[in-house]
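Visitor: Would you mind keeping the following structure in view while I ask a few things?
No lab work stands behind these numbers, since they all come straight from the coordinates. Source: prediction; values computed, not measured.
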Amino acid sequence: MNALKLTVAAALLVAGSSHAAGTLSVTREVTIDSTPATVWKLVGNFNALDVWHPAVSKSELNGAGTKVGTRRLLTLADSKKTIIEQLTAYDAAKTSYSYTIVRGPLPVVNYTGTIALNATPEGKTLLKWTSTFDAPEGADTSYSTHAVEALCDSGLAKLVNNFAKQ
């Protein structure tokens, strides 16, 4: 198992939950070698995280796929632990959505995430993933931040690779 998977797996072992924006933040941006419309077909599907994120082996919806309030149950690949996330905003026209973590093993509370796509001048996609959260009481904020960074980085790396021109 490579170091990134070990880091992600270790980060997923501490419990946490969320409902409101936190005071810590992580923002990641990548350029994907495809148009926003094409990337959105995958990323914009709230039930497709298991397709493009290596830490997720299964995604199940409870509700309509793009309706605010819809929840997804994510089964994690390495540990079989689960995360429940709830859609808080969805705008297909602006190719973005936001969600919160309701329950899960991440070392965070008050987690809110937003994924947004924009076109680059070259016709590629700039994907921005922003997360705000707090560390659980008594937890090291750098550990919580590193866990979120590792999860974002591994998912975005796979997306970039999936759309890389051969």
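Visitor: Let me know the volume per residue of the alpha-carbon convex hull for segment 74-146, in Å³. Write down the numbers at each step before the final one.
Guide: Details: hull volume 9.0 nm³, N = 73.
Dividing the Cα hull volume of segment 74-146 by its residue count gives 123 Å³.
Visitor: Mind checking the full-extension length gain between V102 and N47? Use 0.36 nm per residue of separation minus the Cα-Cα distance, one decimal, nm. Numbers along the way, then the final one.
Guide: Details: separation 55, 0.36 × 55 = 19.80 nm, distance 1.59 nm.
This chain segment gains 18.2 nm when fully extended.
Visitor: Next up: With the calculation restricted to Cα positions, what are the radius of gyration and Dmax of the chain in angstrom?
Guide: When restricted to the Cα atoms of the chain, Rg and Dmax are 15.0, 47 Å.
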